[in-house]
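Rule-based calculations on the coordinates, nothing more; no lab input. Treat the numbers as computed from the prediction; the structure is a model and nothing was measured. Heads up, the Cβs are rebuilt from the backbone with ideal geometry, glycines too, and the neighbour counts pull from every protein chain shown.
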2 protein chains.
Amino acid sequence: MEEAKKMVAKLELVSLKEMGDDRGWLVVFEKGLNIPFDVKRCFFIYGTKEGLARGFHAHKKSKQMLVSVSGSVEIHCEANGKKEVYLLDAPNKGLFLEGMVWHTMENFSSDCVLMVLADDYYNEDDYIRNYDEFCALTNKENAK
Amino acid sequence: MEEAKKMVAKLELVSLKEMGDDRGWLVVFEKGLNIPFDVKRCFFIYGTKEGLARGFHAHKKSKQMLVSVSGSVEIHCEANGKKEVYLLDAPNKGLFLEGMVWHTMENFSSDCVLMVLADDYYNEDDYIRNYDEFCALTNKENAK
């Protein structure tokens with residue numbers, strides 16, 4: 001059987017340097033410093049209703065950095081045949097995702113503000129919103 | 001008397017479109033959509049101690065968008081011979097600043113997370129941190 005070419009998937013929890021002084025705290029994101037791309041888009045998710053999950057998609061190519069700048073949220077990821085859950089609960093914890101990572105955002109705290117920095121403008125063609133399609137593209141048996 | 005060349009100063013309160021649905025809210029920042037520059041740097045100010053003010057500088061050239069993504073903060077601005085105070089208290093309120101705006105950030109709420117998107121990497125040469133120098137450069141008599 002011909003093996004389908006696997007698409008890229010990378011995830012990495014990044015510890016961001018907090019700069020503290022007698023005034024308070026500051027965290028900086030800059031290409032080369034702690035993010036491996038130029039930011040083309042930045043968005044915030046907040047006021048998420050209790051018990052609700054968001055996401056349920058993967059990206060074909062785009063790179064993103066997720067940071068919970070207030071409150072906390074769990075990022076449930078599936079990539080490279082593994083499932084992992086990352087708790088983002090501090091502004092100095094960034095989750096870098098590239099490409100084919102199926103992810104959901106769950107258990108938002110009521111005060112959660114989740115920031116996403118992305119390397120490209122919005123493009124619906126980059127989204128995979130169907131889990132079966134994600135599994136087929138990542139050459140993985142759908143375990144359902 | 002020779003008139004000194006005035007340097008650029010622009011400020012504008014921008015109403016950002018909130019995209020709400022039955023899950024919660026989302027605000028997007030994208031060049032062309034609601035910010036007039038590519039983002040080279042993004043930083044967050046949080047955990048600011050009560051009663052403390054930050055800022056006390058102007059930029060020679062750089063462009064910034066300030067948004068309080070959690071809590072509230074006042075941005076005290078002086079530019080073009082006028083003083084104005086902007087209250088940032090919602091993720092859909094952005095304050096765009098360009099160039100020679102002397103500004104301080106005051107009355108941070110304890111839960112305030114102030115995001116700043118900037119059009120350039122950090123460059124100390126772009127900062128004016130001395131108020132008298134700011135006044136001289138903006139061709140204004142220092143009223144002190």
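Enumerate the pairs (first residue in the stretch A:46-75 and within 14 Å of A:PHE96 (Cα to Cα); second residue anywhere and part of a loop (DSSP other than H, G, I, E, B) and of a type in the set (Val, Ile, Thr)) with beta-carbon separation below 8 Å, excluding pairs fewer than 6 apart on the same chain, so at least 6 apart or on different chains.
These pairs meet every condition: A:ALA58/A:VAL101; A:HIS59/A:VAL101; A:LYS61/A:VAL8.
What residue, of B:HIS103, B:HIS57, is touching a His at 6+ places or on another chain (Cβ under 8 Å), away from chain A (no Cβ under 14 Å) and more than 27 Å from A:PHE37 (Cβ to Cβ)?
Answer to the selection: B:HIS103.
Does the stretch B:113-120 contain any residue that is surrounded by fewer than 21 Cβ atoms within 10 Å (Cβ to Cβ), outside any strand (DSSP E or B) and not basic (Lys, Arg)?
Within the stretch B:113-120, one or more residues are surrounded by fewer than 21 Cβ atoms within 10 Å (Cβ to Cβ), outside any strand (DSSP E or B) and not basic (Lys, Arg).
On the basis of being more than 14 Å from A:ARG54 (Cα to Cα) and in a strand (DSSP E or B), does A:GLU133 make the cut?
So A:GLU133 does not fit the description; no.
If I go through the stretch B:17-46 residue by residue, how many of them are on the phi > 0 side of the Ramachandran plot and within 7 Å of chain A (Cβ to nearest Cβ)?
Summing the residues that are on the phi > 0 side of the Ramachandran plot and within 7 Å of chain A (Cβ to nearest Cβ) in the stretch B:17-46 gives 1.
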